[in-house]
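Reviewing the structure listed below.
Just so it is clear, none of the values below were taken in a lab; they were calculated from the coordinates. None of these values were measured; they are calculated from a predicted model. Cβ coordinates were reconstructed from backbone atoms using ideal geometry, including for glycine residues, and neighbour counts include every protein chain displayed.
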Amino acid sequence: MSQTLAKFSAADLAALGPLIALPTGAATAVQGCAAVGEALDRLEAGGFLVEATRLVAHALPRREAVWWACMCATHTAPPDLPDPDRKARETAEHWVRQQSEKLRREAMALAEASGFATPEAWAGVAAFWCGDSMAPEGQPAVPPAPHLAQTAVAGAIALASVRGDPRRQASRLKRFLESGRNIAAGGPGRLPAEEM
């Protein structure tokens, strides 16, 4: 590994296992790994790219994971992205910068308006699930399970990887993993718009 992936340091690799649901071959590839970065390298080297992105989604802190979902969604977004999807992503990005309750709820409302069918919508859902309650405002709190935000991020990444042209999935996932490593190392993880 050429960079220190400090944002992965709090992640317990053993605890992440059940959340990322590795198939037998991928589980064998990471056997004996002590750190997330090592497991990530082995998954990628073994061609387990989807599993590698799920690992990154769950190993990053929630705020950084939401940002990563936004960066990957931006990369594959078509020029004619519908307004509700664009606004859901922009609101999720804004939430990353300023984690207010208003932005969190707005991100979920926009995800719902977009029909929960795009990477942008799931970035919005991820931001919402980072909060203290999934209940409507003014109702008793219903805390989301601790892993839900990262599960939404993994969904956003999976959708972004096949959007428009599923044949590009592998090359996109490799770019997404570069972005995830950059974020884990403290960088912005930005990806340029994909060339069509």
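Just to be sure, is residue 152 of a type in the set (A, V, I, L, M) and surrounded by 13 or more Cβ atoms within 10 Å (Cβ to Cβ)?
On the way: of a type in the set (A, V, I, L, M): yes; surrounded by 13 or more Cβ atoms within 10 Å (Cβ to Cβ): yes.
So residue 152 passes the test.
So, of the residues in the range 164-196 that are of a type in the set (Lys, Arg) and crowded, with 20+ Cβ neighbours inside 10 Å, which turns out to be farthest from residue 75 (Cα to Cα)? Break it down into steps so the answer makes sense when it comes.
We begin by selecting, within the range 164-196, every residue of a type in the set (Lys, Arg); these are 167-168, 172, 174-175, 181, 190.
Subset that is crowded, with 20+ Cβ neighbours inside 10 Å: 172, 181.
Details: 172: 9, 181: 16 Å.
Ranking the qualifying residues of the range 164-196, first place goes to 181.
Consider residue 33 carefully, then state whether it is in contact with a helix residue (DSSP H, G or I) (Cβ under 7 Å, 6 or more places away or on another chain) and not in a helix (DSSP H, G or I).
Yes: the conditions hold for residue 33.
Does the range 60-78 hold any residues that are more than 11 Å from residue 154 (Cβ to Cβ) and among the small types (Gly, Ala, Ser), and which are they?
Scanning the range 60-78 gives 73, 77.
Would you confirm whether any residue within the range 2-17 is surrounded by 15 or more Cβ atoms within 10 Å (Cβ to Cβ) and in contact with a Ser or Thr (Cβ under 9 Å, 6 or more places away or on another chain)? Steps first, answer last, please.
Residues of the range 2-17 surrounded by 15 or more Cβ atoms within 10 Å (Cβ to Cβ): 5, 7-8, 11, 13, 16-17.
From the residues that got through so far, the ones that are in contact with a Ser or Thr (Cβ under 9 Å, 6 or more places away or on another chain) too are none.
No; the residues of the range 2-17 include none that is surrounded by 15 or more Cβ atoms within 10 Å (Cβ to Cβ) and in contact with a Ser or Thr (Cβ under 9 Å, 6 or more places away or on another chain).
Could you count how many residues in the range 132-147 are within 16 Å of the chain's Cα centre (by Cα) and surrounded by 14 or more Cβ atoms within 10 Å (Cβ to Cβ)?
Within the range 132-147, residues that are within 16 Å of the chain's Cα centre (by Cα) and surrounded by 14 or more Cβ atoms within 10 Å (Cβ to Cβ) number 1.
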